[in-house]
Each structure stands twice: as C-alpha cells, then as structure tokens.
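Only the coordinates and a few stated rules stand behind these numbers; no lab work does. All values reported here derive from a predicted model rather than from experimental measurement. Cβ atoms come from the backbone with ideal geometry, glycine included; neighbour counts cover every protein chain shown.
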Amino acid sequence: MTDDTARTQERAQSIASVPSPCINVCRMNKATGLCEGCLRTIDEIAKWSSFGDETKRAVWDEIEKRHADIMSKQADKREAKT
C-alpha cells in the first residue's frame with residue numbers, strides 16, 4: 001500500500017462513522033453469550049454508542065472471526081453427517 005493510499009484510507013475511516021452491526025434480530029444465545037443477529041456480546045451491545053470508531057472497528061473484527069468460527073463448525077457438522 002502506498003503512503004497516499006494509506007492516508008486516503010485513514011482519512012475515509014476518520015470521516016465515515018462505523019455502522020452498528022445490529023440487524024434487528026435481537027436474541028441472546030445462552031450457550032454462546034452472543035446475539036444471534038449481530039454476534040455481539042451483551043457488553044458490546046450495551047456499550048456500542050459510547051465506543052469510539054477504533055473500538056467499533058475492533059468489535060467488527062471480532063464479529064468476523066466469530067462468524068468464520070460458526071461457519072467452520074457448521075461445515076464440520078455437515079461433513080460428519082456424510
């Protein structure tokens with residue numbers, strides 16, 4: 001990545017606010033402790049509005065990891081059935 005590209009990306013991130021991952025499917029899964037809709041913890045949900053953009057992006061990174069983990073486990077289950 002060039003310096004100009006990095007600066008442009010940093011500038012865009014500082015201008016655009018980080019959207020909420022909420023999709024209005026608000027059910028906490030007791031087994032995982034995560035919302036079934038957005039894959040956040042109750043603490044992440046409760047504190048979202050007070051988080052800065054950097055923290056919000058970190059939560060999004062965790063959501064992506066959680067989603068990948070869930071998809072991997074589902075694929076493993078499907079393979080085990082065949």
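In deg cm²/dmol, rounded to 500, what helix-only [θ] at 222 nm does the chain give when every DSSP H run of at least 4 residues adds -39500 (n - 2.57) and the total is split over its residues?
Values: 3 runs with 48 residues, N = 82.
After summing the helix terms and dividing by the residues of the chain, the value is -19500 deg cm²/dmol.
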| task | Would you mind checking the radius of gyration and Dmax of region 19-81 based on alpha-carbon positions, in Å? | result | 13.0, 44
| Once the piece of chain linking Glu36 and Thr5 is laid out straight, how much longer is it, given 0.36 nm per residue of separation minus the C-alpha distance between them? | 7.6 nm
| note | Helix 53-81: inclination vs the chain longest Cα principal axis, degrees, rounded to 10, gives 30 degrees
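Among Ile23, Ile63, which comes first, second and so on when ranked by fewest other beta-carbon atoms within 10 Å? Please list the in-between numbers first.
Details: Ile23 11, Ile63 17.
Lowest to highest Cβ neighbour count: Ile23, Ile63.
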| query | Expressed as an acute angle from 0 to 90° and rounded to the nearest 10, what is the orientation of the C-alpha long axis of helix 3-15 relative to the principal long axis of the chain? | reply | 70 degrees
| said: Using a Förster radius of 30 Å, what is the FRET efficiency between Glu62 and Ala16 based on their Cβ-Cβ separation? Nearest 0.05, please. | reply: 0.90
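Taking the beta-carbon count within 10 Å as an exposure proxy, list Lys56, Lys73 from fewest neighbours to most. Present the calculation step by step, with values, prior to reporting the outcome.
Values: Lys56 18, Lys73 10.
Going from sparsest to densest Cβ surroundings: Lys73, Lys56.
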| Along the charge dipole of the chain, which of Asn29, Val18, Thr41 sits closest to the positive end, that is, farthest toward it, with unit charges on the beta carbon of Lys, Arg, Asp and Glu (+1, +1, -1, -1)? | Asn29
| task | Place a +1 charge on the Cβ of each Lys and Arg in the chain and a -1 charge on the Cβ of each Asp and Glu, then give the dipole magnitude about the Cα centre in debye, rounded to the nearest 20. | result | 480 debye
